[in-house]
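One structure is given below, encoded as structure tokens.
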């Protein structure tokens, strides 16, 4: 079995979120330990590290819940059923009808809707998922771009750190 299916991806996301929970707890614990034993004198640094740890912990817990439950369609449908005005706006903008099935005896704001042949329109859940997939690919590409620039920055910083300043005393580093 090749990893890339639903179960493998779910398990990988769950493991990654568990790792983030552990890292966040480690951040919180190390910051508190450092302050407790007076290794760090600045309360701002400790508070900043603990704040980052708490934020990472909350994001990881939400990510873990999302990976375990996988209710993205359910959440979309709850939002869909909350407001008729939102339904009409989405139907008109995305040119789709209904959430999971095209309504037969109900009006639809999409231009593709014809009461005689309602199946000519696509459901809004399919359209939203297609658009969300395209947006996520775009955002993922931007994320990859910035992650590679961060790696380049780390490499340059490491290289710069090990270089001698030609203006300094040549015997200072010996």
- Just need log10 I(q)/I(0) for the range 72-160 at q = 0.13 Å⁻¹, Debye formula, equal scatterers on the alpha-carbon atoms, no solvent, rounded to two decimals. -0.54
- Message: Can you order the peptides 126-139, 80-93 by their average number of other Cβ atoms within 10 Å per residue, highest first?
- Response: 80-93, 126-139
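Viscosity 1.306 mPa s, temperature 10 °C: what is the translational diffusion coefficient of the range 1-70 from Stokes-Einstein with a Kirkwood Rh over Cα pairs, rounded to a whole number of µm²/s?
On the way: Rh = 13.3 Å.
It diffuses with D of about 119 µm²/s by this estimate.
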- In nanometres, what is the gap between the two model label sites at residue 37 and residue 119, each 7 Å from Cα along Cα-to-Cβ? 7.1 nm
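What does the extension gain come out to for residue 157 and residue 126, with contour length at 0.36 nm per residue minus their alpha carbon separation?
Numbers: separation 31, 0.36 × 31 = 11.16 nm, distance 4.60 nm.
Length gained, residue 157 through residue 126: 6.6 nm.
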- Query: Two-decimal Rg/Rh of the range 6-150 from alpha-carbon positions, Kirkwood Rh?
  - Reply: 1.19
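Ranking request for peptides 31-38, 107-114: highest mean number of other beta-carbon atoms within 10 Å first, then the rest in descending order. Spell out each step's value before the answer.
Details: 31-38: 13.0, 107-114: 16.1.
Order by mean packing, descending: 107-114, 31-38.
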- Give the residues of the range 40-63 whose amide nitrogen is closer than 16 Å to a point set 7 Å from the Cα of residue 30 in the direction of its Cβ. 40-41, 45-57
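Coordinate-derived values only; no laboratory data. Remember, it's a predicted structure, so these values are computed and weren't measured experimentally. Neighbour counts are summed over all protein chains in view; Cβ atoms, including those assigned to glycine, are modelled from backbone coordinates with ideal geometry.
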